[in-house]
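Below is one structure, written out as structure tokens; comments come after it.
The values are calculated or read from the model by the stated rules, or taken from the named source; none is laboratory data. Predicted model, so just to flag it, every value in this text is computed and none were measured. Here the Cβ positions follow ideal geometry from the backbone for every residue, glycine too, while neighbour counts run over all protein chains shown.
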Amino acid sequence: MVTMDLETRGLLRVALGVFDAPEAVLEERMRAARASGTPAIWLEELLLASVLFVGYPRALVAATALRRVEPEHADGGEPSEYAHWRDWLARGEETCRIIYGPHYERLRHNVRALHPALDTWMLVDGYGKTVSRPGLDLARRELCAVAMLVGQDAPRQLLSHLKGALNAGAAPETVEAAVALAGSEGLPEGRVAVARQLWRELRNALVHD
């Protein structure tokens, strides 16, 4: 299971700032993460995944900060060649099933009801092209998703990725540490309180299962 080691903590401090921290703060956290041993490829994969959670404008801010810290692209990534979209669809379905577990079919139904295009984009571009990339394991990707969602008004998505982190192999103590870390990084207290409550309810449900 993934635990809250120094490398993971450094990664999550960056993820917590991707939503709205100033570029200079992101750069400082990235430098601190690298100094604590966080691999550069983890940071690269975080900023690529951030497109899904905070959008291109903030992803570009994060990428600019990272290029100041690490001017060269890290080894271990994957080219984005759209000829492979069918492969992305297949691995996106597999990854999505891991994250959502028994709720996978209901997720697909609900997203299709919102719009069929969103369902396709979720699997191909989201879970296939992006989340299933090499370079960062799925458990840490889900912890990063939690960190990027804490500061936003998206409790359903936050709860899904709290569960997803567990389903992907993060230890419950690590998920709890990630939520606690959010409370020490200057995020709005109201949003952090929601994250704590969601995690408390999820943890209690796990105990009683």
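Looking across region 156-208, the residues that are farther than 19 Å from residue 17 by Cα, among the basic types (Lys, Arg) and at pLDDT 95 or above come down to 156, 163, 200. Residue selection: residue 72 satisfies the criterion of being surrounded by fewer than 16 Cβ atoms within 10 Å (Cβ to Cβ), outside any helix (DSSP H, G or I) and over 20 Å from the mean Cα position of the chain (by Cα). Please return the ranges of helices (runs of 4 or more DSSP H) entirely within region 106-181 where 2 or more residues are touching a Leu at 6+ places or on another chain (Cβ under 8 Å), closer than 16 Å to residue 52 by Cα and in contact (Cβ under 8 Å) with a residue 40 or more places away in the chain. In region 106-181, the matching helices (runs of 4 or more DSSP H) lie at 138-150, 155-167. Of the residues making up region 113-168, just one is touching a Pro at 6+ places or on another chain (Cβ under 8 Å) and buried (at least 22 other Cβ atoms within 10 Å of the Cβ), namely 151.
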